[in-house]
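**Student:** Here you go, one structure.
The values are calculated or read from the model by the stated rules, or taken from the named source; none is laboratory data. Since the structure is predicted, the reported quantities are computational estimates derived from the model, not experimental observations. Positions of Cβ are generated from backbone atoms using ideal geometry, with glycine treated the same way; all protein chains shown enter the neighbour counts. Just so you know, the surface numbers come from the protein's heavy atoms only, side chains and all, with ligands and any DNA or RNA stripped out. Shrake-Rupley method; radii C 1.70, N 1.55, O 1.52, S 1.80 Å.
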Amino acid sequence: MFGYIKPVAAELKVKEYELYRAVYCGLCAALGRNTTCISRLSLSYDFVFLAVVRMALSSEKGKIEKRRCLTHPTKKRSVLTEANQLDYCARISSVLTYHKIRDDINDDRGTKRLISYLLLPAASLIRKRAKMEDSTEEFIRDKLSCLSHLEKENCASLDRAAEPFGELMAYVCSYGFTEGSEKCRIAYEIGRHIGRFIYIIDAIDDLRSDIKSGAYNPFSAMYSDPTSELERNIQVLESALTMELMGVEAAAELIDFSAVPEYGEIIRNIIYLGLPGVISEILNKNSAKPAEDGEMKR
């Protein structure tokens, strides 16, 4: 369900791109440092975005160092270090991965379920090393349980199906900021709308494979012929996804980027270029007649 939230690298300035790559590599290093090296396999662009948002809200600069790693042993790469938000994002990412695997064991079947069983021991160790508070784990379990319940009842409302994941990401994004503060409200709104966006775009992206496997998909529950109906409602879906982006945009523009202006440019690139590009790509893939270049972009 993750991997959609990334920038258009070609549109970033060199300094901005280097910082983004440093955050990416810094999060990878933080995963290994806070849990286990194997947790680095769960690294996703979505949590790099989360890290950038939280570092911008915290005015946290960190320190960029040149390092080699197992993936890139011959050439040193920029790595962001001394950043508390990277440690948090690494730990919460690991905990979410564990609970997602547990959820897959309960909901999936066949090969997918077997793979989840095989991954569970490593995920359990990673979760243990992450040492998140019991209240946080309880919240994650509750929201994933709500999502599982909606799937089991074959929920035919896209809005209802997307909300638990939106609430989960809202919590993850705003965790640790003073409750009721402007920073907390901004983080909450960004997380909620990003979570809903991820859920909806993932449901569209997975529709054909879910139909084939018999897995739950809100569009299958909504329509007797979901593929055809999705094709006929492309513009409606584009509007729904764009509304979620507008929610992210409205909250993100309230962030004070003066400490590290590059964070602002990275976040704006993702909101105004990266995510509209994802909408266009996924909707075109599911459209009977692919849109022309530039169509369905903000």
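**Student:** Find the residue count for segment 248-263, including only residues that are over 16 Å from residue 50 (Cβ atoms) and in a helix (DSSP H, G or I).
**Tutor:** 4
**Student:** Which pairs turn up if I take residues in segment 14-40 that are on the phi < 0 side of the Ramachandran plot and look for partners that are open to solvent by 50 Å² or more (accessible area, probe 1.4 Å) and not in a helix (DSSP H, G or I) with beta carbon separation below 6 Å, at least 6 apart in sequence or on another chain?
**Tutor:** The qualifying pairs are 22/64; 25/77.
**Student:** If a residue has to be among the β-branched types (Val, Ile, Thr) and under 10 Å from the mean Cα position of the chain (by Cα) to count, how many in segment 187-210 make the cut?
**Tutor:** Our first condition is that a residue be among the β-branched types (Val, Ile, Thr); within segment 187-210, this holds for 190, 194, 198, 200-201, 204.
If we keep only those that are under 10 Å from the mean Cα position of the chain (by Cα) too, we end up with 194, 198.
Selection size over segment 187-210: 2.
**Student:** Now for a different question. Look through 61, 75 and report the one residue that is assigned to a loop (DSSP other than H, G, I, E, B), out of contact with any Phe, Trp or Tyr (no Cβ under 9 Å at 6 or more places or on another chain), touching a residue at least 60 places away in the same chain (Cβ under 8 Å) and open to solvent by 30 Å² or more (accessible area, probe 1.4 Å). Before you say what the answer is, go through the steps one by one.
**Tutor:** Working: 75 fails: touching a residue at least 60 places away in the same chain (Cβ under 8 Å).
Selected residue: 61, the only one of 61, 75 that is assigned to a loop (DSSP other than H, G, I, E, B), out of contact with any Phe, Trp or Tyr (no Cβ under 9 Å at 6 or more places or on another chain), touching a residue at least 60 places away in the same chain (Cβ under 8 Å) and open to solvent by 30 Å² or more (accessible area, probe 1.4 Å).
**Student:** Right, another one. Within segment 222-254, restricting attention to residues that are free of Cβ contacts under 8 Å to residues at least 12 places away in the same chain and of a type in the set (Ser, Thr, Tyr), which residue is surrounded by the fewest Cβ atoms within 10 Å (Cβ to Cβ)?
**Tutor:** Applying the filter and picking the extreme gives 224.
**Student:** Please go through segment 30-52 and pick out each residue that is in contact with a Leu (Cβ under 8 Å, 6 or more places away or on another chain), part of a helix (DSSP H, G or I) and open to solvent by less than 30 Å² (accessible area, probe 1.4 Å).
**Tutor:** Within segment 30-52, 30, 31, 39, 47, 48, 51 qualify.
**Student:** For a quick check of your reading of the model, give me the residue pairs whose first member lies in segment 113-129 and is closer than 16 Å to residue 92 by Cβ, whose second is open to solvent by less than 40 Å² (accessible area, probe 1.4 Å) and in a helix (DSSP H, G or I), with beta-carbon atoms closer than 6 Å and at least 6 apart or on different chains.
**Tutor:** Once the first residue is closer than 16 Å to residue 92 by Cβ and sits in segment 113-129, its partners that are open to solvent by less than 40 Å² (accessible area, probe 1.4 Å) and in a helix (DSSP H, G or I) give 123/98; 123/101; 126/39; 126/94; 127/95; 127/98.
**Student:** While we're looking at this one, here's another question. Looking only at segment 149-179, how many residues end up being in contact with a helix residue (DSSP H, G or I) (Cβ under 6 Å, 6 or more places away or on another chain), surrounded by 15 or more Cβ atoms within 10 Å (Cβ to Cβ) and either over 30 Å from residue 59 (Cβ atoms) or among the β-branched types (Val, Ile, Thr) (or both)?
**Tutor:** Residues flagged as in contact with a helix residue (DSSP H, G or I) (Cβ under 6 Å, 6 or more places away or on another chain), surrounded by 15 or more Cβ atoms within 10 Å (Cβ to Cβ) and either over 30 Å from residue 59 (Cβ atoms) or among the β-branched types (Val, Ile, Thr) (or both) within segment 149-179 amount to 7.
**Student:** I've got another one for you. Pairs needed: first member in segment 197-215, under 18 Å from residue 149 (Cα atoms) and at pLDDT 90 or above; second member anywhere, open to solvent by 20 Å² or more (accessible area, probe 1.4 Å) and among the hydrophobic types (A, V, I, L, M, F, W, C); C-beta distance under 7 Å; at least 6 residues apart or different chains.
**Tutor:** Sorted first by the residue in segment 197-215, then by its partner, the pairs are 200/158; 200/240.
**Student:** So, one more: What helices (runs of 4 or more DSSP H) completely inside segment 124-217 contain at least 3 residues that are among the aromatic types (Phe, Trp, Tyr)?
**Tutor:** Correct list: 182-205.
**Student:** Looking at residue 125 and the list (1) more than 22 Å from the chain's Cα centre (by Cα); (2) surrounded by 13 or more Cβ atoms within 10 Å (Cβ to Cβ); (3) within 22 Å of residue 3 (Cα to Cα), which single condition is not satisfied?
**Tutor:** (3)
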